[in-house]
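Since every read-out is calculated from the coordinates, none of them should be taken as a lab result. Keep in mind that what you see is a predicted model, and the values were worked out from it rather than measured. No Cβ is skipped: glycine too gets one built from the backbone with ideal geometry, and neighbour counts run over all protein chains shown.
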Amino acid sequence: MASKEIKYQNSTFKLAYEIVNPTKEKILIILHGWGSNKEIMKQAFASTLLEYRHIYLDMPGFGKSTNDMVLTTDDYANIVKIFLESLNVVPIIAMGHSFGGKVATLLNAPCLVLLSSAGVVTQKPWSIKLKIATVKFLKPLGMRFIRDMFKSKDVENMSHEMYETFKNVVDEDFEDSFAKSNSKALCFWGKEDTATPLYTGEKIAKLISNSEFYPLDGDHFFFLYHKEFIAQTIIKQCKEIN
C-alpha cells in the first residue's frame, strides 16, 4: 500500500492507495462505496482486467485515508482528480460502487462502469419518515442523545466531519449529472439490491445517453460474485476506446 498527500481548499488529505499491474499503460480507477474501502474492490477485481493498471483508492475519511473537513460529492470528485494528476495518469475507465459511482461519473472518463450506483432518490418507508420527523422535531431541544438513537448504522462512530458529509450526500439527487455524462456507461446492478433498488439502475441507464444495463443476481454487493462477467463485458464494450 502507498500513500500520497494532496492539498484541497486549504486542507491536507493523506490518501491511501494501491496499484495492481503497475507496468500497464491503460488506467482503471476503482472507487468503493460509502462506509467501505479499497480492499473490497481489490478483492473483487484485482485478478481480472489484466491489461489495465488498476488504481484502488481509499477515498477521504474511509479506510486509511484522512479527512478533516465537510465534503460534498463534487469535493470528492475534485480530490480524486487532483490525486490522479499527482500520479500523472488519466483513466480510460472509471468504476464506482454505490456512492463511488457518483464520484466516478464526475471524472468524465471515456468508459464509466457503475456498480449499483447511488444517485437516484428513493421513496423512504414510513418508519424512516417517522424517524426523520422525530429528529427534526426534537433538534431545537438540544436532545443530542435522541438524534444519536435514530442515527443510521452507516454513521456510527463517524467524526463530525464525516457525519455532516454523509448528510450532504445520502439523499442527493444526481440525475442531472447522469444525464450530462458523455461517457460510455456500463450499468451493472444486483436484482435483489435494497440499498439502490433495481429500478434506480434502470433509470440511470436511461438518463445516460450512451449506456448498457446489466441486471445480475445478488444484493448490493453482487459484483463479488460476477466479477468475471463484469470484466469480460468491460473488455468487449470498451475496446473501441482502449
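Okay, here's what the table says:
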item	result
32 Å tail of the calculated P(r), the chain, as % of Cα pairs	20 percent
Nearest-ten-degree value, helix 198-207 long axis tilted from longest Cα axis of the chain	60 degrees
Cys residues of the chain counted as unpaired, since no other Cys beta-carbon is under 4.7 Å	C187
Which of I230, W189, V20, positive extreme of dipole for the chain (C-beta unit charges)	W189
Size descriptor, Kirkwood hydrodynamic radius, that averages inverse alpha-carbon separations across segment 4-95, Å	13.4 Å
For the chain, share of DSSP beta bridges that run antiparallel, in % to the nearest 5	30 percent
Segment E212-S159, length gained on full extension (0.36 nm per residue, minus Cα span)	15.3 nm
Two-decimal Rg to Rh for segment 161-229 - Kirkwood Rh, Cα set	1.02
Estimated inter-spin distance, V90 and A179, nm [label 7 Å along Cα→Cβ]	2.9 nm
Label point distance in nm, T233-K24, each placed 7 Å from Cα along Cα→Cβ	1.8 nm
Check: the chain dipole with +1 on Lys, Arg Cβ and -1 on Asp, Glu Cβ, in debye	240 debye
